[in-house]
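Peer 1: Mind having a look at this structure? Questions to follow.
The values are calculated or read from the model by the stated rules, or taken from the named source; none is laboratory data. What you see is a predicted model; the values in this text were computed from it and never measured. FYI the Cβ positions are ideal-geometry reconstructions off the backbone, even for glycines, and counts take in every protein chain you see. For accessibility, only protein heavy atoms count, side chains too; no ligands or nucleic acids. Shrake-Rupley method; radii C 1.70, N 1.55, O 1.52, S 1.80 Å.
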Amino acid sequence: MPRHITINRRFALTAASVFAALAIAGCGKQEPASAPSAAGAPAAPAPARVLVVGTDAAYTPFESQNDRGEIVGFDIEVVKAVAQKAGFEVKFVNTPWEGIFNSLDQGDRDLLVSAITITDERRQTMDFSQPYFDARQLIAVRNDAPIAKFEDIKTLKVGVQNGTTGDEVVGKLLGKSNTAIKRFESTPLALKELEAGGVQAVVADNGVVVHYLANNTAGGFKTVSDTSFPVEKYGIAVKKGNAELLARINQGLEAIRADGTYAKIYASYFGSESK
Ligand code: ARG
């Protein structure tokens, strides 16, 4: 292939990315812009809007705030890499879990990355990207607790983050309205309460529980896994119907898997990639 053809193709791709980003940006609260074809591009396009990403940044190592107040973590790096490939800009905004899905629906956030498990129920009200991470629930208890499986926590006070999949599985076992379930605004708060003795078990995503206990200076806690917990898949969420942005995100995810970027990010947080 002659060289200039490669260059022209690259230019065409870049131009297409810019137009797509503009089209996506137009899909906020304003009227949804139909995607302009590359041929009929506007003469003087306004700069693409930076897409606002909501994340509950209290979920190390997926998302947290560092000493300088910057939002960092595995999810953050994945979305930054996706955005780069897909040709849009992102800004992360700390968004409490309680209102996170609502913020998407209201158009205050363009996308969400927050270790969000794709569930059928959530699919009713938002759209998800292809899965980008596998997780499972994991139980944390005191070292000396006679707990070997999920059933064994039936008689304990159990801490969960309100409205999470952990909350859901525990609700199924103990009964949703059982007062032994203590619901917290954040997972770290639930784990602090475990240390303080206010609850005797916490059920949350494995990555977060493992990370917390490994960094817990006091120690004295163990994890208990249970095969009855289903495999959960994390997805990036967009407002229901924002097919354009979703397609860009999926393209970006595919691209970072294909060129090894995903594996690199994964390895830097979790060791060598398993799949
Ligand atoms: N994966 C769980 C869920 O989707 C918990 C996610 C909590 N994420 C967070 N950043 N606090 O329900």
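Peer 1: Report those strands (runs of 3 or more DSSP E) wholly inside region 54-169 carrying at least 2 residues which are modelled with pLDDT of 95 or more, buried (at least 23 other Cβ atoms within 10 Å of the Cβ) and not acidic (Asp, Glu).
Peer 2: Working: elements: 63-65, 90-94, 126-128, 133-135, 137-142, 158-161.
Once the strands (runs of 3 or more DSSP E) in region 54-169 are filtered for at least 2 residues that are modelled with pLDDT of 95 or more, buried (at least 23 other Cβ atoms within 10 Å of the Cβ) and not acidic (Asp, Glu), what remains is 137-142, 158-161.
Peer 1: Of 201, 196, 243, which residue is within 14 Å of residue 139 (Cα to Cα) and among the small types (Gly, Ala, Ser)? Steps first, please.
Peer 2: Details: 196 fails: within 14 Å of residue 139 (Cα to Cα); 243 fails: within 14 Å of residue 139 (Cα to Cα).
The conditions single out 201.
Peer 1: Still on this structure, I have one more. Do we find that residue 138 is touching a residue at least 40 places away in the same chain (Cβ under 8 Å) and within 12 Å of the ligand (Cβ to nearest atom) in this structure? Please lay out each step first, then the result.
Peer 2: On the way: touching a residue at least 40 places away in the same chain (Cβ under 8 Å): yes; within 12 Å of the ligand (Cβ to nearest atom): yes.
In short, yes.
Peer 1: Okay, next question. May I ask you to say which residue of 89, 70 is over 30 Å from residue 201 (Cβ atoms), free of Cβ contacts under 8 Å to residues at least 12 places away in the same chain and more than 14 Å from the ligand (Cβ to nearest atom)?
Peer 2: Details: 89 fails: free of Cβ contacts under 8 Å to residues at least 12 places away in the same chain.
Of the residues listed, the single one that is over 30 Å from residue 201 (Cβ atoms), free of Cβ contacts under 8 Å to residues at least 12 places away in the same chain and more than 14 Å from the ligand (Cβ to nearest atom) is 70.
Peer 1: Can you tell me how many residues within region 222-255 are of a type in the set (A, V, I, L, M), farther than 30 Å from residue 152 by Cβ and not in a strand (DSSP E or B)?
Peer 2: Initially, region 222-255 is screened for residues of a type in the set (A, V, I, L, M), giving 224, 231, 236-238, 243, 245-247, 249, 253, 255.
Cutting the leftovers down to farther than 30 Å from residue 152 by Cβ gives us 236-238, 243, 245-247, 249, 253, 255.
Right, trim to not in a strand (DSSP E or B) and you get 236, 243, 245-247, 249, 253, 255.
Residues that pass the stated criteria total 8.
Peer 1: Within the group 235, 252, 219, which residue is open to solvent by 20 Å² or more (accessible area, probe 1.4 Å) and either over 25 Å from residue 121 (Cβ atoms) or in contact (Cβ under 8 Å) with a residue 40 or more places away in the chain (or both)?
Peer 2: Details: 235 fails: open to solvent by 20 Å² or more (accessible area, probe 1.4 Å); 252 fails: open to solvent by 20 Å² or more (accessible area, probe 1.4 Å).
The conditions single out 219.
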